[in-house]
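Accompanying notes for the structure given below.
The values are calculated or read from the model by the stated rules, or taken from the named source; none is laboratory data. For clarity, every value in this text was computed on a predicted model and none was experimentally measured. Cβ sites come from the backbone with ideal geometry, for glycine too, and all protein chains shown count toward neighbours.
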């Protein structure tokens, strides 16, 4: 993976919208793309027309992907399939889904999405969210979407940091202790042993400590993608995480206002 901390730059015009990417294409793109920020859109909060405009702008900036994510969702298939299709019609960006699973069906899927982030919540008190949701998703997959429409599955270790009652109440997560590295090293050992594609570190109200990001980067496999997200609102947040070793830095709420173009320009600008 490219290890430069520089934010990405676009050097060519956006390509025509591609068909669904082939197996492994999203992971290969993420491993080879310039490191930098990745926008996360809540499709149950952001209107479709606004998401389309953001996707076109992000594509022009050379983003590696666009993530659609939400903790809460209703009528997933009927809402998400036209939403994804509208974005894919104007953008060449791979569309990744990131939604919690529901017992009885597993992770939600939408036709047309290029990949789905499947988080193994190693810090959850409920085994369903640690690993059983994976099996349930795979068992139910053939009956939910035709084979040609299956998204790429990105196997991901997901860990939360700081107070987060919403995620804790919904998914049974316990924030990672950062006073010592013993617990973190156990999670890293699982990440390496089971060959996960990505590690996703998240803090809802604060920041993931830079030394924790650095510790993960130094110990996970070089091909394992390190994604950090939560409460990222300024360019210096992105820069700090990249310098600590993150491959991609997710940001969402920073663009949830009318002047999102100015905010996006500031967040994606090159460092001095």
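Just for segment 89-116: of the residues that are in a strand (DSSP E or B), without any contact (Cβ under 8 Å) to a residue 60 or more places away in the chain and in contact with a helix residue (DSSP H, G or I) (Cβ under 7 Å, 6 or more places away or on another chain), which one is nearest to residue 32 (Cα to Cα)? My answer is 95. Within the set 255, 242, the sole residue that is more than 15 Å from the chain's Cα centre (by Cα), modelled with pLDDT under 90 and surrounded by 20 or more Cβ atoms within 10 Å (Cβ to Cβ) turns out to be 255. State whether one or more residues within segment 136-158 are crowded, with 21+ Cβ neighbours inside 10 Å, modelled with pLDDT of 90 or more and assigned to a helix (DSSP H, G or I). Taking every residue of segment 136-158 in turn, none turns out to be crowded, with 21+ Cβ neighbours inside 10 Å, modelled with pLDDT of 90 or more and assigned to a helix (DSSP H, G or I).
No other residue among 165, 197, 237, 221 is out of contact with any strand residue (DSSP E or B) (no Cβ under 6 Å at 6 or more places or on another chain) and surrounded by 15 or more Cβ atoms within 10 Å (Cβ to Cβ) apart from 237. Only residues that are surrounded by fewer than 19 Cβ atoms within 10 Å (Cβ to Cβ), out of contact with any helix residue (DSSP H, G or I) (no Cβ under 8 Å at 6 or more places or on another chain) and either closer than 12 Å to residue 55 by Cβ or modelled with pLDDT under 95 (or both) were counted in segment 71-88, giving 8.
For residue 25, the criteria (1) within 16 Å of residue 154 (Cα to Cα); (2) modelled with pLDDT of 95 or more hold in every case but one, which is (2). Taking the numbered list (1) out of contact with any strand residue (DSSP E or B) (no Cβ under 8 Å at 6 or more places or on another chain); (2) closer than 30 Å to residue 206 by Cα; (3) at pLDDT 90 or above in turn, residue 118 passes all entries but (1). Of all the residues in segment 230-269, those that are part of a loop (DSSP other than H, G, I, E, B) and either in contact with a helix residue (DSSP H, G or I) (Cβ under 9 Å, 6 or more places away or on another chain) or closer than 26 Å to residue 163 by Cβ (or both) number 12.
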